[in-house]
Amino acid sequence: MVAYPQRITLCGFGGQGIILSAVILGTTAVTKGNKYAVQTQSYGSEARGGQCQAELIIDERAINSPVAEKKNLLVAMFQTAYEKYIPTLEEDGVLVIDPGLVTNITRPIKNTFEVPATQIAVDIGNRMAANMVMLGFLSEALGIIGHQDLLDVVKDTVNPRFVELNFKAVEAGAAYAKEHNLYYK
């Protein structure tokens with residue numbers, strides 16, 4: 001059972017689809033999970049290639065502020081972004097990293113999941129789908145959103161020509177959690 005509120009930071013570099021991931025996660029929580037959500041984002045002036053992050057709060061009640069000092073979930077897909085946002089993760093929070101891009105864990109977290117999202121995306125044909133691999137993993141391993149609900153929102157959100165690729169990526173992320181028995185308890 002997921003505890004609310006969920007205070008989430010997704011971070012990486014521009015071009016990884018970090019912002020889109022937060023939008024899809026929040027949209028799924030609101031439209032399919034009957035939750036409240038608020039999302040903010042920031043990225044460097046480089047736009048593509050520079051550091052970026054999105055913060056998302058999901059709750060069962062109305063959310064009065066879009067800001068949470070401490071997060072209970074950090075998804076890091078780039079070393080520099082990890083280093084910047086790891087101080088905001090609660091001691092008993094959940095850390096999800098792409099070990100191919102976050103190679104130096106400076107603050108060990110008990111609940112850490114390594115998801116090689118970029119490599120999985122490369123294996124299915126497009127490294128740009130790593131964000132969807134992460135969303136598939138989150139839906140399966142953490143249960144923040146329902147798997148089919150996620151697929152429905154992906155279909156309604158992404159460009160139709162990329163729907164099949166994104167479905168494959170979501171399924172691959174969920175399969176990774178199942179195959180490796182990676183579930184948050």
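General remarks:
- Which listed residue, of Tyr176, Tyr184, is in contact with a helix residue (DSSP H, G or I) (Cβ under 8 Å, 6 or more places away or on another chain), modelled with pLDDT of 95 or more and open to solvent by 20 Å² or more (accessible area, probe 1.4 Å): Tyr176
- Criterion violated by Asp149 - all others in (1) modelled with pLDDT of 95 or more; (2) outside any loop (DSSP other than H, G, I, E, B); (3) farther than 16 Å from Ile24 by Cβ satisfied: (3)
- On the stretch given as segment 87-101, residues that are open to solvent by 10 Å² or more (accessible area, probe 1.4 Å) and assigned to a loop (DSSP other than H, G, I, E, B) total 3.
- Residues satisfying the stated conditions in segment 129-143, i.e. touching a helix residue (DSSP H, G or I) at 6+ places or on another chain (Cβ under 7 Å) and surrounded by fewer than 24 Cβ atoms within 10 Å (Cβ to Cβ): Ser139, Glu140, Ala141
- Residues in segment 70-89 that are closer than 21 Å to Lys35 by Cβ and over 17 Å from the mean Cα position of the chain (by Cα): none.
- Qualifying residue in segment 50-64 (condition: out of contact with any helix residue (DSSP H, G or I) (no Cβ under 7 Å at 6 or more places or on another chain), surrounded by 12 or more Cβ atoms within 10 Å (Cβ to Cβ) and of a type in the set (S, T, N, Q)): no
- Test set (1) in contact with a helix residue (DSSP H, G or I) (Cβ under 6 Å, 6 or more places away or on another chain); (2) open to solvent by 40 Å² or more (accessible area, probe 1.4 Å) - Lys84 fails condition number: (1)
The values are calculated or read from the model by the stated rules, or taken from the named source; none is laboratory data. This one's a predicted model, so the numbers in the text were calculated from it and none came from an experiment. Ideal geometry is used to build each Cβ from the backbone, glycine not excepted, and the neighbour counts take in all protein chains shown. Side chains included, ligands, DNA and RNA excluded: accessible areas come from the protein's heavy atoms. Shrake-Rupley method; radii C 1.70, N 1.55, O 1.52, S 1.80 Å.
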